[in-house]
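The values are calculated or read from the model by the stated rules, or taken from the named source; none is laboratory data. Since we're looking at a predicted model, the values are computed, not measured. Cβ sites come from the backbone with ideal geometry, for glycine too, and all protein chains shown count toward neighbours. Note: areas computed on protein heavy atoms with side chains; ligands, DNA, RNA excluded. Shrake-Rupley method; radii C 1.70, N 1.55, O 1.52, S 1.80 Å.
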Amino acid sequence: MEIFGETAKADSAFSQLFQPLAQRLPFLSSDQQIAVQEQRVSAEINTLKRSQSGNYDGKQVRVNVTDLLPAEAAFEYGVRYSTKAEQLRHADIDFSEELFRDTFRVVAATSNALGKRQQGGSAIIQQRTELRALLGQDDATRVMAALDSRFANMSKKGRFQGLTQDQLYFVYQIIADSEAQMIRGYHLRQTNQNAGIKLIREASATRNTKLASYLGEEVAGLLMKAFTGNNSE
């Protein structure tokens, strides 16, 4: 920069220096590409250090670009390379590009709210409401399941019991509805403790009744244990 000035950023001779991510992230400016690249290198170094120390759990250190990039650039990065985007790509839905981007925007907003320690339960309920309005009930359930690691645990147990994927989604919907009611009950407790506790208990009882009616008590119990991680088998 001292020798050639600002034009060095656009000179093809120095593209690796000033535009290190041009092939994958051409929508980022030179300064933004450099900042993201530095984060990536730092993450790789941290992963290597953890591996060498014997504390490596097999997970890559994720690059957080939220504080590095303007909102729209961070969105464009996230819709391509974030964990949430990858989970959405594995959802059982045939997305158009526009619908994928709209869905990711809803999901990313919830992730940001949770990351800032805002009301987690309220953010989750808001996300589910917006997903249903955008996708409809069935596809919203598929997206919610793709984002929820507990669903994968439950699915393994459910398939072993002979359940189809559609049946597993139906079971997940019952559980998700009960969780939404429990969240509402938790918030109600702040102003009316007895009413809040009653709502939570009713949600749990309704869930158990519906699952037992649909699956039988034994299978319902097995799937709930797998879903909550309380599965010793």
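Remarks
- Helix 97-115 axis, angle to the chain major axis (alpha carbon atoms, nearest 10°): 80 degrees
- Across LYS9/LYS84; LYS157/LYS210; LYS84/LYS225; LYS49/LYS157; LYS84/LYS157, pairs whose alpha-carbon gap is larger than 28 Å: LYS9/LYS84; LYS49/LYS157
- Accessible area per residue, Å², the chain with all protein chains present, probe 1.4 Å: 62 Å²
- Evaluated at q = 0.23, 0.27, 0.32 Å⁻¹: base-10 log I(q)/I(0), Debye formula over Cα of segment 189-233: -0.78, -0.88, -1.01
- Summing +1 for each Lys or Arg and -1 for each Asp or Glu among the other residues whose beta-carbon sits under 11 angstrom from that of LEU99 gives -3.
- Within the listed set TYR214, TYR172, TYR77, the residue fluctuating most in the Gaussian network model of the chain (springs between alpha-carbon atoms under 10 angstrom) is TYR214.
- Most mobile listed residue (GLU44, GLU86, GLU202) in the chain, GNM with C-alpha springs under 10 Å: GLU44
- Listed residues THR7, THR47 arranged by accessible area, highest first, probe 1.4 Å: THR7, THR47
- Three-way shape label, segment 1-108, alpha-carbon gyration tensor, a/c 1.5: oblate
- Between helix 71-81 and the chain: long-axis angle, C-alpha atoms, 0 to 90°, nearest 10: 70 degrees
- Rounded Å value of the spacing that divides the Cα centres of segment 5-46 and segment 157-207: 47 Å
- Within the listed set ALA13, ALA22, ALA220, the Gaussian network model of the chain (springs between alpha-carbon atoms below 10 Å) gives the highest mean-square fluctuation for ALA13.
- Calculated diffusion of the chain, Stokes-Einstein form, Kirkwood radius summed over Cα pairs, 25 °C and 0.890 mPa s, µm²/s: 118 µm²/s
- FRET E, pair LEU17, ASP102, Förster distance 35 Å, beta-carbon r, rounded to 0.05: 0.45
- Working note: 222 nm ellipticity from helices only, DSSP H runs with n ≥ 4, each -39,500 (n - 2.57), summed and divided by the residues of the chain, gives -23000 deg cm²/dmol to the nearest 500.
- Cα long-axis angle, helix 120-135 against the chain (0 to 90 degrees, to the nearest 10): 90 degrees
- Linear extension gain, ALA133 paired with PHE27, 0.36 nm per residue minus alpha-carbon span: 35.1 nm
- Relative intensity of segment 1-45 on a log10 scale, I(q)/I(0) at q = 0.21, 0.23, 0.27 Å⁻¹, equals -0.68, -0.78, -0.95, per a Debye sum over C-alpha point scatterers of equal strength in the absence of solvent.
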